[in-house]
């Protein structure tokens, strides 16, 4: 082997040593961001399915059980499902949670709609303006709301680092109204 061939092989080794860490960072980032996007889509679908089931007459408790079981995510230990039925209150512009069911383990997740039965600190239901309009125009109607929380856990070392820097979500949330 000539001196020139040895220099070229050393150059190639140096190039590989510089490129491999950059490629690993890209691959790890793609894996964890891809999983976060997939998990967000799954919980979006779960919340829609839950509200649809509840609006068709499934009990809220059975809806929670079905939503927990209908996923490849580990919802029983990393997630929370809260299903609420909301109707117009006695006073104008007030909305009341008629009933609510939630999964057993909620990992410190609380409903963003409100709680049932409401203690003095809970107040009335909080719903978007479009839902308020529906409830005000037809006071006898009920809106079913499914909230799904999921604690996202990255699988790569880069994902753990990005999770600590708030670049990856620690908790995913989705809500659907039917």
### Task
Among what's in the range 127-150 and is part of a loop (DSSP other than H, G, I, E, B) and exposed (fewer than 14 other Cβ atoms within 10 Å of the Cβ), pick the residue that is modelled with the highest pLDDT.
128
#### Entry: Residues that are at pLDDT below 80, part of a helix (DSSP H, G or I) and either in contact with a strand residue (DSSP E or B) (Cβ under 9 Å, 6 or more places away or on another chain) or loosely packed, with under 14 Cβ neighbours inside 10 Å (or both), drawn from the range 151-170
164
### Message
Going through 173, 178 one at a time, which residue ends up being in contact with a helix residue (DSSP H, G or I) (Cβ under 6 Å, 6 or more places away or on another chain), under 21 Å from residue 44 (Cβ atoms) and surrounded by 14 or more Cβ atoms within 10 Å (Cβ to Cβ)?
### Response
178
### Message
Let me confirm something: among 62, 45, which residue is surrounded by fewer than 17 Cβ atoms within 10 Å (Cβ to Cβ) and either within 14 Å of residue 143 (Cα to Cα) or under 14 Å from the mean Cα position of the chain (by Cα) (or both)?
### Response
45
### Query
Considering only the range 97-113, how many residues are under 22 Å from residue 169 (Cα atoms), surrounded by fewer than 22 Cβ atoms within 10 Å (Cβ to Cβ) and either without any contact (Cβ under 8 Å) to a residue 60 or more places away in the chain or in contact with a helix residue (DSSP H, G or I) (Cβ under 9 Å, 6 or more places away or on another chain) (or both)?
6
### Task
Determine the pairs where a residue that is at negative phi and without any contact (Cβ under 8 Å) to a residue 24 or more places away in the chain, located within the range 148-170, has a partner that is in a strand (DSSP E or B) and surrounded by 14 or more Cβ atoms within 10 Å (Cβ to Cβ) with Cβ atoms under 9 Å apart, the partner being 6 or more residues away or on another chain.
170/151
### Complete set of residues in the range 67-96 that are more than 18 Å from residue 143 (Cβ to Cβ) and either buried (at least 22 other Cβ atoms within 10 Å of the Cβ) or modelled with pLDDT of 95 or more (or both)
75, 79, 80
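The values are calculated or read from the model by the stated rules, or taken from the named source; none is laboratory data. Since we're looking at a predicted model, the values are computed, not measured. Please note: Cβ atoms are built from the backbone with ideal geometry, for glycine as well, and neighbour counts cover all protein chains shown.
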